[in-house]
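Below is one structure; the comments refer to it alone.
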Amino acid sequence: MKYVKNRIFSSWFRDKTTKQAIPKSPFGGGMRKIILVSFIALFPILAFSQQPDRGQSPIHSYLQEAAQNNPELKVKYRQYLGALQQAPQVSTLPDPELSFGYFINPIETRVGPQQTRFGLTQMFPWFGTLNARGEAASQMAKAKFRTFQDARNQLFFKVQEQWYKLYKIEQTIYILRENIDILDMFESLVTQQYETDQVGQVDVLRVQIEKEDLKTRLELQKDNKQVAIQEFNELLNRPVEQDVVIPDSLNQKTLRISTEELEQLVRQQNPRLMKMDFEASSARSSIEAARKEGMPKFNLGIDYMITGERDMALTDNGKDAIVARGGIQIPLYRKKYRAREKQAEIQLRTVQDQQRVMENSLQTELNQALRDYHDGQRRLNLYKEIQIQRTQQTIDILTEQYTTSSIDLEELLRLQRKLLDYELAREQALVDQNTAVTRIEYLYGKHNANPEAIELE
């Protein structure tokens, strides 16, 4: 299909090698114009239908590569791993205290002088304090994981969005090249007709002007493609000049659930909201820990005292002494404990207010994405089913009118340009619709995973 129009023009040009002028018809060259306009009318159908397929989309492998290589994502994941190490630090008993004492002036006792003392003391906080501290740290670590999860989902969205952008640029380059090819052939045809005085020089200049405009647009798209490839490779943290497999066709993504179900999924699965749930739980545990830290603390200890022997026969002569000790630490100065508890309560209220703000923001983002989805869907149907077909029908009608010279070449070129714009707009609408679906998937956390399933180097 790709080379059909080339073969048609080649056949026509072979007939022109005889150097014979085409006689003018009674209608002012009507048959010649029918041939020319037929090529214009046929081109959009040929160009639009030619969509080679390279096979299955490689986007999934790109997403995996981005998850493994993106340095920003690795930072978020290691922050989560670091937060996991906080719970064992705060939920463990304080280190025991080992003491040693030497009596400079030994204390004389009945069984001998006390010379040296060893002591071991362990402090115990109020019941449940360690569990509350550990739970607060554990919930905060879960919040860190949700931060990593949101960063990964956002990365996946950016990779897919950039991939769609590359597809749009590639399709634009293809469509522009096809239009330039047809204008090249059309220029040759009109030039030969000008040489035989069947058309004026204006027709030749019009085709050349149109072709140069398309060439300029084509070069811009080539530059855009290079920049877009670099941006795509940066997301995957690989050499910016590395090739990217760009699809020749793109499947239309559609939503299969209602708006109400989407809103529920966003509230339940969005990592940013889930993060705040864990932060709120952490704040509640911090409040409990602050209250318990204001309760008395206990300590238990044991002392071992070495006793020297006397120079006489005594019962238990030189027997060492063992002393068991117990104590209580009374929190008389309550100001710091009340401040710590108040701080945790303020943090809880702050997180709850942030949750309401985030819920409203996510609702707005979802509504915007749904708007973009429906708009892209409408535009896609408009260009694909209506505008392109109607423009083609108009070209067919003008082809018949052209035989009577009621319109000039400029009108047909304008319609061809309009058809080109519709084809580009169709691809843009397809990209916009797919991008909107991808954004909705990001908002409800389609790519959420368990911590155990994440393995980053």
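The values are calculated or read from the model by the stated rules, or taken from the named source; none is laboratory data. The model shown is predicted, which means the values in this text are computed figures rather than measured ones. FYI the Cβ positions are ideal-geometry reconstructions off the backbone, even for glycines, and counts take in every protein chain you see.
Contact map, the range 337-362: first residue over 22 Å from Arg133 (Cβ atoms) and among the basic types (Lys, Arg), second residue crowded, with 17+ Cβ neighbours inside 10 Å and modelled with pLDDT under 95, Cβ cut-off under 6 Å, separation 6 or more or different chains; the map is empty. Could you run through the range 113-150 and say how many residues are within 28 Å of Lys297 (Cα to Cα) and in contact with a strand residue (DSSP E or B) (Cβ under 6 Å, 6 or more places away or on another chain)? Residues in the range 113-150 being within 28 Å of Lys297 (Cα to Cα) and in contact with a strand residue (DSSP E or B) (Cβ under 6 Å, 6 or more places away or on another chain): 9 in total. Of the residues examined, Ser258 is not one that is over 21 Å from the mean Cα position of the chain (by Cα) and within 21 Å of Leu63 (Cβ to Cβ). Gln363 meets each of the listed conditions (1) assigned to a helix (DSSP H, G or I); (2) of a type outside the set (Asp, Glu); (3) surrounded by fewer than 13 Cβ atoms within 10 Å (Cβ to Cβ) apart from (3). Pairs meeting the criteria (first residue in the range 225-241 and in a helix (DSSP H, G or I), second residue among the basic types (Lys, Arg), beta carbons under 8 Å, at least 6 apart or on different chains) are Ala228/Lys165; Leu235/Lys158. Taken over the range 186-217, the criterion of being free of Cβ contacts under 8 Å to residues at least 60 places away in the same chain, in contact with a Phe, Trp or Tyr (Cβ under 9 Å, 6 or more places away or on another chain) and in a helix (DSSP H, G or I) is satisfied by Gln201, Val204, Lys211.
Among the conditions (1) part of a helix (DSSP H, G or I); (2) surrounded by fewer than 17 Cβ atoms within 10 Å (Cβ to Cβ); (3) of a type outside the set (Gly, Ala, Ser); (4) modelled with pLDDT under 95, Leu220 misses just one, which is (4).
Here the condition is being in contact with a strand residue (DSSP E or B) (Cβ under 7 Å, 6 or more places away or on another chain) and polar (S, T, N, Q); of Ser61, Ser99, it holds for Ser99 alone. Among the residues of the range 373-408, which ones are among the aliphatic types (A, V, I, L, M), closer than 18 Å to Ala429 by Cβ and modelled with pLDDT under 85? The answer is Ile386, Ile388.
The number of residues in the range 301-324 being small (Gly, Ala, Ser) and not in a strand (DSSP E or B) comes to 3. Looking at this structure, is Glu260 without any contact (Cβ under 8 Å) to a residue 12 or more places away in the chain, closer than 26 Å to Arg356 by Cβ and among the charged types (D, E, K, R)? Criteria met by Glu260.
If you check Leu250, Leu205, Leu214, Leu218 for being under 30 Å from Leu63 (Cβ atoms) and either among the hydrophobic types (A, V, I, L, M, F, W, C) or touching a strand residue (DSSP E or B) at 6+ places or on another chain (Cβ under 6 Å) (or both), only one passes: Leu250. Glu170: under 15 Å from Asp248 (Cα atoms) and either at pLDDT below 95 or surrounded by fewer than 21 Cβ atoms within 10 Å (Cβ to Cβ) (or both), yes or no? Yes: the conditions hold for Glu170. Does Thr254 meet the test of being loosely packed, with under 15 Cβ neighbours inside 10 Å and out of contact with any Gly (no Cβ under 9 Å at 6 or more places or on another chain)? It is true that Thr254 is loosely packed, with under 15 Cβ neighbours inside 10 Å and out of contact with any Gly (no Cβ under 9 Å at 6 or more places or on another chain). Screening Arg177, Arg133, Arg117 for residues that are surrounded by fewer than 20 Cβ atoms within 10 Å (Cβ to Cβ), of a type in the set (D, E, K, R) and closer than 30 Å to Pro96 by Cβ leaves exactly one candidate, Arg117. Determine if the range 335-344 includes at least one residue that is surrounded by 12 or more Cβ atoms within 10 Å (Cβ to Cβ), not in a helix (DSSP H, G or I) and not aromatic (Phe, Trp, Tyr). No, the conditions are met nowhere in the range 335-344. For beta carbons closer than 6 Å, sequence separation of 6+ or different chains, a first residue in the range 301-312 that is within 23 Å of Asp95 (Cβ to Cβ) and a second that is β-branched (Val, Ile, Thr) and assigned to a strand (DSSP E or B), the qualifying pairs are Gly301/Thr121; Asp303/Val323; Tyr304/Ile322. If you filter the range 411-457 down to residues that are acidic (Asp, Glu) and assigned to a helix (DSSP H, G or I), you find that the one that is modelled with the lowest pLDDT is Glu452.
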